[in-house]
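Following: one structure in structure tokens, then a few remarks.
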Amino acid sequence: MHGYNARSGWSGPALRVLLWQLQSTRGPTATSASNHWTSAALALRFFSSRIILLPSDSLVELRNVRFGYDERAVLQDASLTVPRGKVTALMGASGGGKTTVLRLIGGQYQAQSGEVLFDGRNVGAMGEMRLYATRRRMGVLFQFGALFTDLSVFENVAFPLREHTDLSEALIRDIVLMKLDAVGLRGARDLMPAQVSGGMARRVALARAIALDPELVMYDEPFAGLDPISLGTSARLIRNINDALGMTSVLVSHDLDETFRIADHVVILAEGRVIAQGAPHAVRTSSDPLVHQFVHGDVDGPVPFHYPGPGIEADFGAPS
């Protein structure tokens with residue numbers, strides 16, 4: 001559709017066409033003016049009917065979501081937003097539901113109540129075809145990369161292109177090499193996963209995650225097990241690629257320093273709910289005891305050191 005882009009809305013040329021339609025009503029005759037006004041009215045109706053398609057500030061939103069496994073509730077009335085075009089860090093104690101949130105966004109799980117919205121549409125209410133189409137707008141970097149061990153670095157990155165497009169081999173080759181070049185591994189195209197380091201494997205996985213130019217990339221513990229150099233490299237790539245490609249990123253991580261350094265928006269999950277969300281500085285300086293304990297790594301706080309169990313006297317006390 002000329003002049004309209006699903007991500008950025010209407011372009012300058014499209015708006016200028018509309019203004020020209022309105023200005024040209026100064027024709028010499030009443031008939032020509034009437035015709036021009038008719039054209040202008042149609043153009044205005046065409047334009048106004050698509051204002052609702054302009055992107056909202058949030059690409060992903062959870063509204064009062066509840067999800068659990070059998071009797072164990074993982075999320076309880078959880079609400080959060082993922083701002084469009086930003087890097088959002090999803091943090092919290094282990095088992096707090098962070099990876100579950102990623103699976104809800106991708107439609108692998110369905111919320112038991114509440115809504116999970118992607119670009120304004122409820123993921124849980126999507127049919128199979130629309131869900132698959134929505135997933136093609138997402139990329140995922142799994143924990144430890146999850147590369148196909150029997151495929152080369154090149155073929156790992158080419159996999160989503162071969163699976164979801166009808167591009168020629170020449171074009172697939174160029175795209176794969178461009179993605180590998182973006183993560184600094186164009187020269188490693190012929191290596192097998194067993195021949196690359198852990199940090200390199202994450203970078204290959206990142207190249208694969210962005211192969212289809214997704215609008216959203218979800219990172220599940222991308223820094224786990226990396227040495228300081230690999231960790232810093234991965235963090236810089238996540239930030240730079242997000243900005244260069246105009247994507248939106250959701251990052252699950254426990255590395256506070258590096259994550260707070262690259263994130264625009266931080267969400268802290270605890271006890272099945274969102275206890276804080278906002279700019280990194282605001283979250284870091286929060287007065288909430290649970291947030292403070294997590295951010296500063298305190299042993300003592302709302303999260304106890306001891307797992308609930310019988311008292312000391314019950315286990316070690318003198319027999320009655």
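If I ask for residues that are basic (Lys, Arg), within 20 Å of LYS179 (Cβ to Cβ) and part of a helix (DSSP H, G or I), which ones from the stretch 122-160 would you list? Let's see the steps before the verdict.
Filtering the stretch 122-160 for residues basic (Lys, Arg) gives 130, 135-137.
Among the residues that remain, those that are also within 20 Å of LYS179 (Cβ to Cβ) are: 135-137.
Hit for the stretch 122-160 is ARG135, nothing else.
Which one of these does ILE312 not meet: (1) under 25 Å from ASP77 (Cα atoms); (2) at pLDDT below 80; (3) not polar (S, T, N, Q)?
Just one mismatch for ILE312, condition (1).
If I filter the stretch 281-298 for residues that are more than 12 Å from VAL87 (Cβ to Cβ), open to solvent by 50 Å² or more (accessible area, probe 1.4 Å), among the polar types (S, T, N, Q) and without any contact (Cβ under 8 Å) to a residue 24 or more places away in the chain, do I get at least one hit? Please lay out each step first, then the result.
First, pick out the residues of the stretch 281-298 that are more than 12 Å from VAL87 (Cβ to Cβ): 281-298.
Still in the running and open to solvent by 50 Å² or more (accessible area, probe 1.4 Å): 281-282, 284-285, 287-289, 292, 296-298.
Then drop every residue that is not among the polar types (S, T, N, Q), which leaves 285, 287.
From what's left, without any contact (Cβ under 8 Å) to a residue 24 or more places away in the chain: 285, 287.
Yes, some residue in the stretch 281-298 is more than 12 Å from VAL87 (Cβ to Cβ), open to solvent by 50 Å² or more (accessible area, probe 1.4 Å), among the polar types (S, T, N, Q) and without any contact (Cβ under 8 Å) to a residue 24 or more places away in the chain.
In the stretch 181-191, is there at least one residue being touching a residue at least 40 places away in the same chain (Cβ under 8 Å), of a type in the set (A, V, I, L, M, F, W, C) and at negative phi?
Taking every residue of the stretch 181-191 in turn, at least one turns out to be touching a residue at least 40 places away in the same chain (Cβ under 8 Å), of a type in the set (A, V, I, L, M, F, W, C) and at negative phi.
Which residues, counting only those in the stretch 202-259, are without any contact (Cβ under 8 Å) to a residue 24 or more places away in the chain and within 23 Å of SER94 (Cβ to Cβ)?
PRO228, ASP257
Tell me the residue from LEU180, LEU147, LEU161, LEU141 that is modelled with pLDDT under 90, over 16 Å from the mean Cα position of the chain (by Cα) and buried (at least 17 other Cβ atoms within 10 Å of the Cβ), please.
The conditions single out LEU147.
Return the residues of the stretch 109-120 that are over 11 Å from LEU62 (Cα atoms) and surrounded by fewer than 16 Cβ atoms within 10 Å (Cβ to Cβ); say none if nothing qualifies.
GLN110, GLN112 - these are the residues of the stretch 109-120 that are over 11 Å from LEU62 (Cα atoms) and surrounded by fewer than 16 Cβ atoms within 10 Å (Cβ to Cβ).
With (1) closer than 18 Å to VAL123 by Cβ; (2) hydroxyl-bearing (Ser, Thr, Tyr); (3) modelled with pLDDT under 80 as the list, and SER48 as the residue in question, which single condition is left unmet?
(1)
What are the residues in the stretch 67-107 that are of a type outside the set (S, T, N, Q), in contact with a His (Cβ under 6 Å, 6 or more places away or on another chain) and assigned to a strand (DSSP E or B), if any? Can you show your working first?
Filtering the stretch 67-107 down to residues of a type outside the set (S, T, N, Q) leaves 67-75, 77-78, 80, 82-87, 89-93, 95-98, 101-107.
Within this subset, residues satisfying the condition of being in contact with a His (Cβ under 6 Å, 6 or more places away or on another chain) are 83, 86.
Listed by number, the list holds a single entry, PRO83.
Could you tell me which residue of the stretch 83-108 is surrounded by the most Cβ atoms within 10 Å (Cβ to Cβ), considering only residues that are closer than 21 Å to VAL283 by Cβ and of a type in the set (Lys, Arg)?
LYS98
Looking at the stretch 192-219, which of the residues that are open to solvent by 20 Å² or more (accessible area, probe 1.4 Å) and not in a loop (DSSP other than H, G, I, E, B) is nearest to LEU151 (Cα to Cα)?
Checking each candidate, the answer is PRO193.
Out of (1) in a helix (DSSP H, G or I); (2) surrounded by fewer than 16 Cβ atoms within 10 Å (Cβ to Cβ), the odd one out for ILE175 is which?
Against the list (1) in a helix (DSSP H, G or I); (2) surrounded by fewer than 16 Cβ atoms within 10 Å (Cβ to Cβ), ILE175 comes up short only on (2).
What number goes with the only condition from (1) part of a helix (DSSP H, G or I); (2) closer than 29 Å to GLY68 by Cβ that GLN110 does not pass?
Result: GLN110 passes all but (1).
The values are calculated or read from the model by the stated rules, or taken from the named source; none is laboratory data. Keep in mind the model is a prediction, meaning the values are calculated, not measured. All Cβ positions, glycine included, derive from the backbone under ideal geometry; neighbour counts span all protein chains shown. Protein only, heavy atoms only, side chains kept; ligands, DNA and RNA dropped before computing areas. Shrake-Rupley method; radii C 1.70, N 1.55, O 1.52, S 1.80 Å.
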